[in-house]
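Q: Take a look at this one; I'll ask things after.
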Amino acid sequence: MNILQQLNTEVSTTLTSLFSIAPTDIIFQETNSQFEGDITLVVFPYLKASGQKPEQTAQAIGEALIANTQLVQEFNVVKGFLNFIIKQSVWLDYFNDSLNKSLELPSTGKTIMVEYSSPNTNKPLHLGHVRN
């Protein structure tokens, strides 16, 4: 299970415990480069169930995730957006798992030839380089 799927599960559990809702569609997006964070949760769909302002709802979700999960190190709230900072140990585990998985190609018994171009880097590329 990748980090986004784990976070999706944890957020779903948190929303159920905090606001007694079973979210069907949790919306994550890339964190704006102006703000600190690895991934952002859009909080607006849960405002009706929480009965609070966007900032208060996001703050409650963030605090619950830090208290109850091992994924989130910190969070920050920007209006109706909750920016998560994922723990470094989670990233390291993810990369180690990816590294340990070996790439196995099915054997067809056929020889495979891979071509690549190696143009001179001191000269401009031209249409002949695309030929390969």
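Q: Based only on the alpha carbon positions, what is the Kirkwood hydrodynamic radius of the chain, in angstrom? Provide the component values of the computation, followed by the final result.
A: On the way: mean 1/r = 0.0549 Å⁻¹.
Averaging 1/r across every pair of different Cα atoms and inverting gives 18.2 Å.
Q: Give the total of Lys-Lys pairs in the range 1-101 with Cα-Cα distances below 28 Å; include a pair only if its members are 8 or more places apart or on different chains.
A: Numbers: Lys48/Lys79; Lys53/Lys79; Lys53/Lys87; Lys79/Lys87; Lys87/Lys101.
So the count works out to 5.
Q: Can you work out ³J(HN,Hα) from phi for every residue in the range 23-34, in order, using Karplus 6.51 cos²θ - 1.76 cosθ + 1.60 and θ = phi - 60°, giving whole Hz and x for Gly and Pro?
A: Here the 3J(HN,Hα) series is x, 8, 9, 8, 9, 10, 8, 5, 5, 4, 5, 6 Hz.
Q: Now for a separate question. Output ³J(HN,Hα) for the range 53-70: one whole-Hz value per residue in order, computed from phi by the Karplus curve 6.51 cos²θ - 1.76 cosθ + 1.60 with θ = phi - 60°, and x for Gly and Pro.
A: 6, x, 5, 5, 5, 4, 4, 5, 5, x, 5, 5, 5, 5, 6, 10, 10, 9
Q: For the range 80-90, in order, what is each residue's ³J(HN,Hα) by Karplus, 6.51 cos²θ - 1.76 cosθ + 1.60 with θ = phi - 60°, in whole Hz (x at glycine and Pro)?
A: x, 10, 10, 8, 9, 10, 7, 4, 4, 5, 5
Q: Here's another thing I want to ask about it. For the chain, which whole-number percentage of the solvent-accessible area (1.4 Å probe, protein heavy atoms only) is attributable to carbon and sulfur atoms?
A: Numbers: 5070 of 9810 Å².
Carbon plus sulfur share of accessible area: 52 percent.
Q: State in Å² the accessible area per residue of the chain; use a 1.4 Å probe, count heavy atoms of protein chains only, and round to the nearest integer. Let's see the in-between values first.
A: Working: 9810 Å² over 132 residues.
On a per-residue basis, the chain sits at 74 Å².
Q: Can you tell me the FRET efficiency between Ser17 and Leu92 if r is taken as the Cβ-Cβ distance and R0 is 25 Å, rounded to the nearest 0.05?
A: Details: r = 28 Å, r/R0 = 1.14.
Computed FRET efficiency for Ser17 and Leu92: 0.30.
The values are calculated or read from the model by the stated rules, or taken from the named source; none is laboratory data. Note that the structure is a prediction, hence the values are computed from the model and not measured. Here the Cβ is made from the backbone with ideal geometry for all residues, glycine too, and neighbour counts use every protein chain on show. With ligands, DNA and RNA removed, areas are computed over all heavy atoms of the protein, side chains included. Shrake-Rupley method; radii C 1.70, N 1.55, O 1.52, S 1.80 Å.
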